[in-house]
Amino acid sequence: MFRNNLNYNATPDASAVVNGNRSHPELYGVVQFYQMPFGVFVIAQFHGLPITSGVNPNPFLGFHIHENDDCSQNVEDDFNMTGSHYNPDNSLHPNHRGDLPPILNCNGYAWQSFLTNSFVVSEIIGRSVVVHNSFDDFVTQPSGNSGAKIGCGVITANK
């Protein structure tokens, strides 16, 4: 019975193509959003992520939906026009609707899928997906101390 309720379609309802900033020009990814009856199924894949090194490197990178659809870069701050995490309820971090599971960086590559009921696809179209250069500590306010924005993509409707 569960399988009949999946309503999975091969075409995502929305997607974002993520490109790296000037310091990470090799970073590239695609994030796909599928509206399901019980939440949003998200598939994300990346390559060109910064390679971690050193003793006990942390391979996790912050991953969020931000308020705005402007992935422009300027001299002072890459992707600073994306705004804050998508947080229409004014919740504390990590309970923003735009808080996503961290990316697990494996030698510059990552692939993940997850299901969330934090938003519906229609409310994130026209916002941005951002990859940060450090892990999200899930504590620090307002955004988890995840470091600089190194990748950005605008979420667009596919239908």
Note to self: Being buried (at least 17 other Cβ atoms within 10 Å of the Cβ) and either under 14 Å from the mean Cα position of the chain (by Cα) or aromatic (Phe, Trp, Tyr) (or both): is that true of Phe119 here?
What the structure shows: yes
On the given criteria, is Phe114 open to solvent by 40 Å² or more (accessible area, probe 1.4 Å), within 25 Å of Gly48 (Cβ to Cβ), in contact (Cβ under 8 Å) with a residue 60 or more places away in the chain and in contact with a Pro (Cβ under 7 Å, 6 or more places away or on another chain)?
-> no
Flagged in region 26-66 as in a loop (DSSP other than H, G, I, E, B), touching a residue at least 12 places away in the same chain (Cβ under 8 Å) and open to solvent by 10 Å² or more (accessible area, probe 1.4 Å), in numbering order, are Glu26, Pro37, Phe38, Gly48, Pro50, Ile51, Thr52, Asn58, Pro59
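The values are calculated or read from the model by the stated rules, or taken from the named source; none is laboratory data. Just so it is clear, the structure is predicted and the values come from calculations on it, not from any experiment. Cβ coordinates were reconstructed from backbone atoms using ideal geometry, including for glycine residues, and neighbour counts include every protein chain displayed. When the accessible area is computed, the model is the full protein with side chains, heavy atoms only, and any ligands, DNA or RNA have been set aside. Shrake-Rupley method; radii C 1.70, N 1.55, O 1.52, S 1.80 Å.
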